[in-house]
Every structure is written in C-alpha cells, then in structure tokens.
1. Which FRET efficiency value, to the nearest 0.05, do you get for residue B:232 and residue B:474 by plugging their Cβ-Cβ distance into 1/(1 + (r/R0)^6) with R0 = 41 Å?
2. Between residue A:7 and residue B:280, what is the label-point separation in nm under the 7 Å Cα-to-beta-carbon projection?
3. Please compute the modelled spin-label separation between residue B:171 and residue B:139, points set 7 Å along Cα→Cβ, answer in nm with one decimal.
4. Run the simple label-point estimate for residue B:107 and residue B:155 please: 7 Å along Cα→C-beta, distance reported in nm.
5. Per residue of A:256-268, count partner chain C-beta atoms within 10 Å of its C-beta, then hand back the mean as an integer.
6. Tell me whether chain A comes out rounded, prolate or oblate; compute the Cα gyration tensor, take square roots of the eigenvalues as a ≥ b ≥ c, and use a/c under 1.5 as the rounded threshold.
7. Could you calculate the FRET efficiency of residue A:275 with residue B:327 from 1/(1 + (r/R0)^6), where r is the beta carbon distance between them and R0 is 35 Å, rounded to 0.05?
8. Residue B:114 to residue B:204: FRET efficiency via 1/(1 + (r/R0)^6), r the Cβ-Cβ distance, R0 25 Å, to the nearest 0.05?
C-alpha cells in the first residue's frame, strides 16, 4: 500500500540501519513476488495473518473477536430479508395487478433505493437520539454492540446484545427486503403462468396449496442462489453501516484498517470475504442439487 | 434524415413507435413524477449560484450556530426567536456629548463615513480631564440571544504630545432597568503615544470571549453573557466613551486624533434562512442547493462512463467470441466479485479525494452487469440475417459492431444507464458520510457527515439532518421511477399484455 510498516513500530527518527534491520526481520527486503507472496500464502494455511500495526496483536485474534458480531448481524438480516421477501413476493404474485401488488411494488422500490446506512441514520435520530435527548428515555442504544459495566449474568448479556442488534437489523430489513421481494415476485409470476399451475388449478386445488406444494418448490433454487450471492457482499457492504452504528464487526474493522494503512488487517478481511464467498457458493450448489431434480451429483 | 415523429428503424424492431412510446411514457404517473423531480433537481443544480444565498464552503457564521429555519417563527411559541440583527452605526447616527475641563479643545469632523475627533493643544493649557461620549440607541424585540459580536474600528494617533493619555470604553445600557455592561475598556493602563499594540484599531468584542466574562464578573460556564445583557425586549444604548487626561505640561504642543469607522454591532440570529444553519453557522440551504450539483454530476458521469465501458466490452466480447470473449468475461467476473467499497476507500487513501477519482472508480467498478447482458444480446443479434447482409455487402467488423449491432441495444442501454445512476449517487453519499468525500464539494453526504461528527444528532438539529436525507431519497426515487417506466415501456418482456 505504499507505506513503510517500520514507521508504525519504531520512532520516525530512528537510525536508518535500525529500520533496515527491522525490515529484514519482517522479510520485507525480499522481492514481493514470489518470496513474500509464497510466505504469505503458506502462513495463511497455518492461520497466520500477521500482526496488526496499531495494536501489535495477531490479526487473526482481532478478526475472531469481531466475526461473531458480523455473522450475527448480517446472517440475521439476510435470513429476515429472504423470509420477508419470499412470503411477500409470493403473496404479491398471486394478487398480480391488484392494489396489494402495486403497494408491495412501491414499497419494494422505496426499499431498493434506500441504503442501509441512510435508514440507519433515520432510525438513530428517531428512535435513539430523539427519546434520549428530548425525553430522557434510553429507548435504543446510540452506538456499540454491548453496554459497558454489565453484570456477568448471561441472560442479561444476551438481552443487551439483542437490544443493540435491533436498530441495525431493522434498518437492514427495511432497506433490504425490497430487492428480494421484487425478484421473487417476478420469478413467481413467471412460474404462475406455467402449465402445471393451470393443471393444479384445474384439479381443483386451493390457491395456498398450489403455492406451498408446487410453486414454492420450483422457486426454491433461484432463492437459494440469491441467498448465496448475497453473502459475498457481507463484509464490504457493511462498512458504512457498521461505522454508523459503531458495530464491533468486520466492516468497521476493515474501515479502521483501511484508514490507518494497516495492511495485514485489510488483507485478512478481504481473505475472509473470499473464503465466505467460496463457502456460501459451495453450500448453495449442494443445496440446489437437493432441491432441483434436474441437477444431479456426478 | 430521421424524423423524431416517424418510425425509427431500431425502435420499430422492438415494436415501438417513437410518438407512441412518448405517449405511453406520458400516461404513466411514475414517469411524470420522476421527470418533474429530476427537472427540478437539474434546474436547481444549474442555477445554484442564483438560488443559494451563501457560498457553501467558505461562508460560515452567517447566523448563530444551529439556527432554526426562519419560517419556524410563524408557529406560536417560536415567534420571538432572535433573528439576525445588524446595527451599523455610521458617523451621522451617533449622538455626541463633550464635557470636561478642555471640552473646547475637541473638534469633531467627518471624513467620508468616518468620525474624526481632534484634541489639539497649544501648549498653555492647565491640567484637566475631558470626555467625549458617543451614544446610539436601538430597539431589540426578540428573546435573549445566545451571542453578540461588536466590531469597533477605532484608531487613536497622538502627534508630539507627551503629557496626554487616553482611554476608551464601550458599554451597553439596558433602558428597562438602566443597567450598564462595560464590554470593552482600554484601561488599564492609560494609553499614551508610546503605548503601541497591534490590531488596536480594529477591536472585536465577542460575547463568548472568556476574558469578557472575567471583566463582567461571570463565568461563561454558568451564564451566557448575551442572554444576560439582552434579557428583555426594550431599547439598548451603545455608548462609546473616549476620555482624555491632560497633565498640563507647558510647551506640549500637538494633537491627538481619534478616527472611528462605522461601528457594527451584530446579533446573529437563532432563526435564519430557509433551512437554518449548522454548527459552524453555515447556511444549510446553500449547501443543499450546491449538493444537487455534486449528486447529479457523480450520478450521470459515472453512469455514462460505466455504460460506455459496458458497451465496448459487451459488444466486442459478444461479437468476436473466442479468446477475446473469454478474457473480457473473466475480467468482468473478477470485478463483479471484487468488494467495491474497500477498493474505493483504498484508492482515495492512496491517491486523492477528488470528486473525479470517486466518479472514475465508481464507473470502473459498475460496468460488468451491463457488459454481460449486452454480450448475451449480441450473441443472438449477430446471427440475424441483417448482420449477415451487412457482412455480405462488405461491412467491416467495427462498422458491424458499433453501427449495426450496437444501435439495437439502445433500449437496454437507456434503462440500464438510468437505473445505474441512483446507485452511484447513493454510494458517493455513503462515502462522504463516513468522511471520504471531496472536501471542496458540498455534497449531501458531506452535510450528513458534518452533522454526524459535530453533534447535529445530539442536538436534534432536524433542519440540518432531514433535508439531505430527503433530497437524496427523492432524487434516487425519481431516477428509479424513470428507469422502471422506461424498462417497462422499452422491454418487450415486461410490457403488459
């Protein structure tokens, strides 16, 4: 990144031979490719991402502290978004071109253009700052993941965590359900025009049975793909939101690392993201093989 | 010559007629709403210097900090919020009074708009004191203000006089209870010609100056001086007193000259303009108006670059096939998986925070979807008979790609161009929100960032936070509704049967 890592570690006016010695210790005097790169990759296999320049702790420890928070927030938001998107989308598809459908469509357009961080700001001012400043009620926390000075009771800790989770989660659901709803509605509309739906209807099956038994089954593969494709953006997509909510997660960590030229941390976060992408796509492939009879294991 | 009303060959192929397309668009409410908002935004952006009342970056302290919008004063309970009040006291506005033993030595004179007082000594006068008092009375009819600022441009020159010293003081007297607050006093010491202090000729008196609090005997932490002085709605008298102490030395011949430029006394309002002010006292409305420019420039420029790159890559990849296709599509797939925000922040950290850097990176990271779509279209288009006909007639590859095939993708290009604008606008706003905006361009995200960082949220300054959020959403909503309508009209698959 065009930064000399030694300037984080020793005095700026240290003698140059000390700097050279330090660079040698870190192996920075070797050429980047292949020596440094090969060593980096080999270290990855041992779970070593190097040391954070700011805290001088192993990056992997810092990431492991924050990973559960990010997984909690983004996992629950993806889950909620798709559950809401699927149910609302399928319902709107059955009521095509009626008032419900157009209401769902406009709501999803609104949600589609709303960025999560902007919704977060709106929620923060309305539900956290306004009660706290105007009425002296601490309705929702203004920032952070946990409150300081909590008793060690696990139940209280869990409730406190959930209390902090509410605002970012609600923001991400309001700002995120639109695209999935729109997508699933369009898929379901194409499915509903298929012949098998007509057959089922001709058999005299009630509408909800058609939806649950037949349409849901054929809609499932694209849903799984969409879920899997929404996982890769988890870390980088949450940078702004986690910064707004001071959420102790990987997005905020990535932002802090980026703004302080802390490149081992950036490399590690991006690597985590790549790993998450690979894992989610792999799981999606297996799930689709189960759900879609046309796809077979070889 | 193609007529705008006739059948356009490409649109016709998609079952569209130009005038009919326009009619279809005009029948939709979403289109009308979107166009109205967009045109309003564009005109605000174009006429920003005319509409805005202040410069968005450099004008600060146009009113008191966190001033509410001025229209709030029509509501009951907000009626007497202090407005901007400027009392500019010219030489003719002063009432003067000279008394003391040597009153006859003082002569008042006017020079353009300056008041000049001469104290001329001929060397035989006795010891004595003289005082020149200038008063000006004005009415104050609002609630107690939070701040006042007085600018006292006074210059005193003593020529050849050794036994004469002077002192001047500025005080404010409340007429309801005749209480006087001395806000400036040059004493101690008595000043003489050998007393030189820089900037003495242009004295600023600010009510939030801790030294002023010490002079008045109050702590700024406990009491607001402006509230204390202007506590009631009545008339106030500004009094400038210049005292001259003459030691009466024999043979002391010369003159003392006091030059007073127009004194300005300012009470910055707590209600100002259309959208109030921020913590620095800068006009939020002007920042909002200029922010329209940034958002539109970012959105339109980056969408155009993205569409341009997407067309070139998509058409070439689809038409050429083979290794070119694979290379381009590999590039596109790699970039699709690349996390956008970290890359943008990284580039801005390393190179520059200029708005054009933001625009280019945003564009270079958002052409991939269009390129893939176009490639799929071109794959089927290039097998059509008319392409074969052009090739048989001797058309070159470039001609076929960009003059024959590319025009057929115009409907797709149109709505994907429009639909990629809001993403760019909102990403730029988000980056500015976390502090990665161009510091010299007042974007909407920057307003939010300032509110976020300097306590706009904690002080519930809704006039500072709500307008940029609303403006962002309105602009994005209008462009998305235009894009969706275009998509419905131009895309045969989505058209209602």
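Values in this text are rule-based calculations from the coordinates and carry no lab data. Because the structure is a prediction, the values reported are computed rather than measured. Using ideal geometry, Cβ is built from the backbone for each residue, glycine included, and neighbour counts are taken over all protein chains shown.
1. Details: r = 44 Å, r/R0 = 1.07.
So the FRET efficiency works out to roughly 0.40.
2. Result: 2.7 nm between the two label points.
3. The modelled label-to-label distance comes out at 2.6 nm.
4. Distance between label points: 2.0 nm.
5. Details: counts 0, 2, 9, 7, 1, 3, 0, 1, 0, 0, 3, 0, 0.
That average works out to 2.
6. On the way: a/c = 2.91, a/b = 1.64, b/c = 1.77.
Oblate, since a/c reaches 1.5 and b/c is not below a/b.
7. On the way: r = 27 Å, r/R0 = 0.76.
Working from the Cβ atoms, E equals 0.85.
8. Values: r = 18 Å, r/R0 = 0.74.
After rounding, the FRET efficiency stands at 0.85.
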